[in-house]
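**Student:** Structure in structure tokens, see below.
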Amino acid sequence: MKKFALVFLAVAGLWLSAGASTGDYYLRSSLYLDWFGASYEQGPFMNQVSTRLKFEFAPSVNRDWTVLVDVRDRYNIQEGSRNQFVLYDARITYNPQSNPFYISVGQMNLYDTAGIGQLLGGVLGYKINKDLLLGAYGGLEQQVYVGKFDTHYQKYGLFARYNGSGATSLSLSYNHLRFSGTTEQSYIYAQGFVPVKKTLFAFGNVQYELGPHVAAKDRLSLVFINVRLELTRYADLTAYFSSGKGLDFHRYLLEKSQDPSFNDQELQRFFYSSQYGLRLSFKPINNVRVYLSRQESEQKDFHLKNHTWRFGASASDILKTGFTLYGDYSLNRGDLAESNSYYLSLSKDFGRFSWYATFSNTYNGFRYVAGAETPQIIHFNNYKTLGSSLFFYLNRRVSVSIEYNFYIQEKFNQHLFFVRLMFRK
């Protein structure tokens, strides 16, 4: 059964990837055949294969009705392992240009509309004009890792979404989540991206809790703002601020399911409940850019504060060779700061294939400790990472990606391998 699922998705994907848009229908599809391996100095070799199929089909070129399916089947080649079926999207959408109604039914992701993650249910909308959509949604919580349906976890809400000129997008939603008949969470969520005359670019999202059990100081549970200002053609300034409590496990599971090489150390970016900083970038000469940033991080629950200065530079097409070099160095100070860290990368595009290599050091990791109520940051001793990747473009339909990472740590080295074969149409 395990092998059948993988073979079925592979054959279906190859058939769909041979499709095309014609005068009668629309079809866009892609197929990914992946192999992921991990070798640990003090453990067994992990061996995993997966097939991911994604296609969008419409019975007519005007695409009034569309069917979107995005599914993965993953199998760990180990004794006693079981298939892991991942369903990202499986929905039917009705969205004609000549009709103001919008309908979508199935499994879908509503991060861009309501900030609620996965939904198994339906969305009904009405287009006030070509830019503004008002709607409502309702359904069940269904993880991308498909198991049995849980009817106890329900989601519903109202939303407004605006998509204007110049990539402007704004959304506002009221969301209500219930579990076993009890309100688990009720909140207002807003998200937006606003460019101003190709000079100022602002992106952000905000979440405000409405539940009676939430303390007043915790009602503004999520704030993220990123603003980039083009000072001149040679310099730009980026300011950012984020504040929140807890981890967004839904988004983490989604990212982890799509990229098996996504390391748990990346979770550290969720740990700090407040971060803000400035980043100045300027180009003193052609093909050279220099960066300087200052960041403050705080874990409010434990009253921990860290301070970071980061210096970086990049140079492209060095000496007309086509090589691009990037490097940065961070001065980290604070209650639970990493040691000073650095990152180097070298890349080159050779036409049919491109090469990318990195070297860095990391000292802090993010781990769950048995018996602890919250995740803990732990300190690694002289932890370095060496990585390299190759991307081969064979033709318009077929490409190959190969990655290798060597995690160097005393008595606990790790080797990670990742190969992806891609078919697209």
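**Student:** Which of the residues that make up the range 50-73 are in a strand (DSSP E or B) and either of a type in the set (G, A, S) or at pLDDT below 85 (or both)?
**Tutor:** Correct list: S50, A58.
One line per residue, one yes/no per condition, for (1) among the polar types (S, T, N, Q); (2) within 28 Å of L229 (Cα to Cα); (3) in a strand (DSSP E or B):
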position	(1), (2), (3)
Q107	yes, no, yes
G115	no, yes, no
Y126	no, no, yes
T151	yes, no, no
I188	no, no, yes
Q191	yes, yes, yes
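**Student:** Here's a follow-up. Which pairs do you get when a residue that is under 11 Å from K384 (Cα atoms), found in the range 407-425, comes within reach of a residue that is buried (at least 16 other Cβ atoms within 10 Å of the Cβ) and aliphatic (A, V, I, L, M), reach meaning Cβ atoms under 8 angstrom, with the pair 6+ apart or on two chains?
**Tutor:** Hits for this filter: Y407/L416; Q414/A38.
**Student:** So, in the range 101-141, of the ones that are β-branched (V, I, T) and over 29 Å from S221 (Cα atoms), which residue ends up nearest to the chain's Cα centre (by Cα)?
**Tutor:** Top of the filtered list is V105.
**Student:** Being under 30 Å from K155 (Cα atoms), modelled with pLDDT under 90 and either surrounded by fewer than 19 Cβ atoms within 10 Å (Cβ to Cβ) or of a type in the set (K, R) (or both) is the requirement here; does N47 meet it?
**Tutor:** The answer is no for N47.
**Student:** Consider L331 carefully, then state whether it is more than 21 Å from T238 (Cβ to Cβ) and in a strand (DSSP E or B).
**Tutor:** no
Residues checked against (1) within 25 Å of the chain's Cα centre (by Cα); (2) surrounded by 16 or more Cβ atoms within 10 Å (Cβ to Cβ); (3) at pLDDT below 85:
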{"position": "N263", "(1), (2), (3)": "yes, yes, yes"}
{"position": "F271", "(1), (2), (3)": "yes, yes, yes"}
{"position": "L278", "(1), (2), (3)": "yes, no, no"}
{"position": "V288", "(1), (2), (3)": "no, no, no"}
{"position": "A315", "(1), (2), (3)": "no, yes, no"}
{"position": "R333", "(1), (2), (3)": "no, no, no"}
{"position": "L336", "(1), (2), (3)": "no, yes, yes"}
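For every residue, the table says whether it meets (1) under 30 Å from R82 (Cβ atoms); (2) modelled with pLDDT of 90 or more; (3) out of contact with any Pro (no Cβ under 9 Å at 6 or more places or on another chain).
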| position | (1), (2), (3) |
| --- | --- |
| G122 | no, yes, yes |
| K127 | no, yes, no |
| Y137 | no, yes, yes |
| V144 | yes, no, yes |
| H152 | yes, no, yes |
| Y162 | no, yes, yes |
| L172 | no, yes, yes |
| N175 | no, yes, yes |
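The values are calculated or read from the model by the stated rules, or taken from the named source; none is laboratory data. Predicted model only: the values in this text are computed from it and were never measured. Every residue, glycine among them, receives a Cβ derived from its backbone with ideal geometry; neighbour counts consider all protein chains shown.
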